[in-house]
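The values are calculated or read from the model by the stated rules, or taken from the named source; none is laboratory data. Treat the numbers as computed from the prediction; the structure is a model and nothing was measured. Glycine gets a Cβ as well: all are built from the backbone with ideal geometry, and neighbour counts include every protein chain shown. Quick note on the areas: whole protein, heavy atoms, side chains included, nothing else; ligands and nucleic acids left out. Shrake-Rupley method; radii C 1.70, N 1.55, O 1.52, S 1.80 Å.
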Amino acid sequence: TVTQEQLLATVEELNADPRIHGILVQLPLPRHIDEAAVLESIAVAKDVDGFSAENIGRMCLRGGEPPLALPCTPAGCVELLQRSEIQVAGKEVVVLGRSNIVGMPVAHLLQSMDATVTVCHSRTADLPAQVRRADIVV
């Protein structure tokens, strides 16, 4: 198995290599590796997952510079809604899950499309009622 130090060294090599244009780390990582430390070590310009703090911050802010990349599963959810011609603006949307990979990014993307978003999770009271009142559930 790889150590955290080996993985971080590999990411740094890829960051420095001008022939490499994008880095994607397959998650989840083994328990002995600090996921946040690995993701933070990826150069923003090579962060194809869009997980860097700068990319997430740009996604969450209204106006300003757009993110260099969007997390792919949330972007795919939005693409499905758009291709299905589902109107999102003004709709009540319930997002099930608050993960950094899907739940929170998709919630921000849907808010940017003028949806009213509620993020539900394992501690949400009366989850069935939340889902019943939603126009869209992700």
Worksheet item: If you roll a 1.4 Å probe over the heavy atoms of the protein chains, what accessible area per residue do you get for the stretch 67-120, in Å²?
Response: 53
Fill in: Alpha-carbon Debye profile of the chain, log10 I(q)/I(0) at 0.19 Å⁻¹
-1.09
Worksheet, complete the sentence: Leu68 and Ile86 label points (each 7 Å along its Cα→Cβ direction) are spaced in nm at 3.2
Worksheet entry | Electrostatic dipole magnitude of the stretch 1-63 [Cβ: Lys, Arg +1; Asp, Glu -1; Cα centre; debye, to 20] | 280
Practice prompt. Find which of Val131, Leu80, Thr116 sits farthest along the positive direction of the dipole of the chain, computed with +1 on the beta-carbon of Lys and Arg, -1 on that of Asp and Glu, about the Cα centre.
Written response: Val131
Practice prompt. Evaluate the Debye formula for the stretch 1-56 with equal point scatterers sitting on the alpha carbons, no solvent, and hand back log10 of I(q)/I(0) at q = 0.14, 0.31 Å⁻¹, in q order, two decimals.
Written response: -0.34, -1.39
Response to the item:
A 1.4 Å probe over the protein heavy atoms gives the chain a carbon and sulfur accessible-area percentage of 55
Worksheet item: Taking only C-alpha pairs under 8 Å that are 6+ residues apart, what is the relative contact order of the stretch 10-138 in percent?
Response: 19
